[in-house]
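Q: Questions regarding the structure given below will be posed in turn.
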């Protein structure tokens, strides 16, 4: 029973780290990467779909992304979706291809992006601490129902705390890597 609680907490904490990694990937670091457009959704025959489902997204050079729609009528729809996204880029259409130049980041914008990265990391830390709290409260309920002893509960809480500390270190490492990536000129 205690092993199940520890295993569940570990899995949920790792999912929090994975979610942080996905959030950090959305924060652009000044060079073109296809993942910048992963969260862009496009209206397609009455439903919203991911951009990658209606067009081919590629990299032309280190500062330019290309989007080639599979259907000609989608060109203007995709261009509008990219403009209204929170990326702050201006797509240019030429024939059947949309080119998206990625402007170099200013020092001020880099600092703003570092703040965003720090807030994402703080959200991940809070999620990990909430998982720890849930695991500890489950252990206390088991103790209250006399299914485990006080020593077992104390030992399990220590294991959960060690797991929490390890995952928080992973979060800090992800943040440090992203900060270094963002501040690199």
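Readers should treat all values here as calculations from the given coordinates under stated rules, not as data from a laboratory. Note that this is a predicted model, so its numbers are computed, not measured. Positions of Cβ are generated from backbone atoms using ideal geometry, with glycine treated the same way; all protein chains shown enter the neighbour counts.
Q: Could you tell me the calculated FRET efficiency between residue 165 and residue 59, based on Cβ-Cβ distance and R0 = 45 angstrom, to the nearest 0.05?
A: 0.70
Q: Alpha carbon centre of the range 70-90 versus the range 13-62: separation in Å?
A: Centre-to-centre (Cα) distance: 13 Å.
Q: Please work out the FRET efficiency for the pair residue 26 and residue 157, using the Cβ-Cβ distance as r and a Förster radius of 45 Å; give the result to the nearest 0.05.
A: Efficiency at R0 = 45 Å is approximately 0.80.
Q: Could you calculate the contour length gain from residue 130 to residue 8, that is, 0.36 nm times the residue separation minus the distance between their Cα atoms, to one decimal place in nm?
A: Gain on stretching residue 130 to residue 8: 42.6 nm.
Q: How far is helix 2-26 tilted off the main Cα axis of the chain, in degrees rounded to 10, range 0 to 90?
A: Around 20 degrees separate the two axes.
Q: Moving to a separate point now. Out of the DSSP beta bridges found with both residues in the range 34-101, what percent are antiparallel (nearest 5)?
A: 100 percent
Q: Sorted from largest down, what three extents in whole angstroms do the Cα atoms of the range 34-101 have along their principal axes?
A: Largest first, the range 34-101 extends 34, 25, 16 Å along its Cα principal axes.
Q: If you don't mind, another one. In Å and whole numbers, how far do the C-alpha atoms of the chain stretch along each principal axis, longest first?
A: Projected onto the principal axes, the Cα atoms of the chain cover 72, 41, 20 Å.
Q: Roughly how many nanometres apart are two label points built 7 Å out from the Cα toward the Cβ at residue 140 and residue 85?
A: 4.4 nm
Q: Rounded, prolate or oblate: pick one for the range 1-80, where a ≥ b ≥ c are the square roots of the eigenvalues of its C-alpha gyration tensor, a/c under 1.5 means rounded, and failing that, prolate if a/b is larger than b/c, else oblate. Intermediate values should be presented prior to the final figure.
A: Values: a/c = 4.25, a/b = 1.99, b/c = 2.14.
Judged from the Cα gyration tensor, the range 1-80 comes out oblate (a/c at least 1.5, b/c at or above a/b).
Q: If you average the sequence gap of Cα pairs under 8 Å that are 6 or more apart and divide by the length of the range 42-185, what percent do you get for the contact order?
A: After rounding, I find 17 percent.
Q: Of 26, 144, 80, which is the most mobile in a GNM of the chain whose springs link Cα atoms less than 10 angstrom apart?
A: Comparing 26, 144, 80 in the GNM, the peak value goes to 144.
Q: A follow-up question, please. Calculated from DSSP H runs of 4 or more alone, at -39500 (n - 2.57) each and per residue, what is the 222 nm mean residue ellipticity of the chain, nearest 500?
A: That comes out to -21000 deg cm²/dmol.
Q: Next question. Could you work out how far helix 107-144 tilts from the main Cα principal axis of the chain, as a 0 to 90 degree angle to the nearest 10?
A: Between the helix axis and the principal axis of the chain, the angle is about 30 degrees.
Q: A follow-up question, please. Given R₀ = 45 Å, what would the calculated FRET efficiency be for residue 34 paired with residue 1, taking r from the Cβ atoms and rounding to 0.05?
A: The calculated FRET efficiency here is 0.50.
Q: Once both axes come from the Cα atoms, what is the angle between helix 74-84 and the longest principal axis of the chain, in degrees from 0 to 90, rounded to 10?
A: 60 degrees
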